[in-house]
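I have placed the structure first, in the form of structure tokens, so that the comments after it can refer back to it.
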Amino acid sequence: MTEKHNFNETIAFKPEREDQKDIREILTTVYSSLEEKGYKPSSQIVGYLLSGDPTYITAHNGARKLIRAVDRDEILEELLNNYIND
């Protein structure tokens, strides 16, 4: 049976979190690793978040593996929450 949606209502988006990760710590590590390699960290992280392409993130210090351990939606949610709450 097909579920009917009322397109005049807003559906709450609540991604499920399998593991609690310290997103701030991960982003800080990734940011530092990108800086160490001479990249502009904010541009590289935005490129990754928009495209999902992990090659925007350096493998230096395990940064690429680290950032891929967190869902991009969780990262965006964390960034938005911190921006709004500051």
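The values are calculated or read from the model by the stated rules, or taken from the named source; none is laboratory data. If you're wondering where the values come from, they're calculated on a predicted model, not measured in any experiment. When we count neighbours, we look across all protein chains shown, and the Cβ atoms used for this are built from the backbone with ideal geometry, even at glycine.
Within segment 47-86, restricting attention to residues that are assigned to a loop (DSSP other than H, G, I, E, B) and β-branched (Val, Ile, Thr), which residue is farthest from Glu36 (Cα to Cα)? Checked segment 47-86; the qualifying residue farthest from Glu36 (Cα to Cα) is Val70. The set of residues in segment 44-86 that are modelled with pLDDT of 95 or more, of a type in the set (S, T, N, Q) and surrounded by fewer than 17 Cβ atoms within 10 Å (Cβ to Cβ) comprises Ser51, Thr55, Asn61.
Okay, residues lined up against (1) in contact with a Phe, Trp or Tyr (Cβ under 6 Å, 6 or more places away or on another chain); (2) modelled with pLDDT of 95 or more; (3) in a loop (DSSP other than H, G, I, E, B):
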site: Lys4; (1), (2), (3): no, no, yes
site: Glu9; (1), (2), (3): no, no, yes
site: Pro15; (1), (2), (3): no, no, yes
site: Asp19; (1), (2), (3): no, no, yes
site: Val30; (1), (2), (3): no, yes, no
site: Ser33; (1), (2), (3): no, yes, no
site: Tyr39; (1), (2), (3): no, yes, yes
site: Ser42; (1), (2), (3): no, yes, no
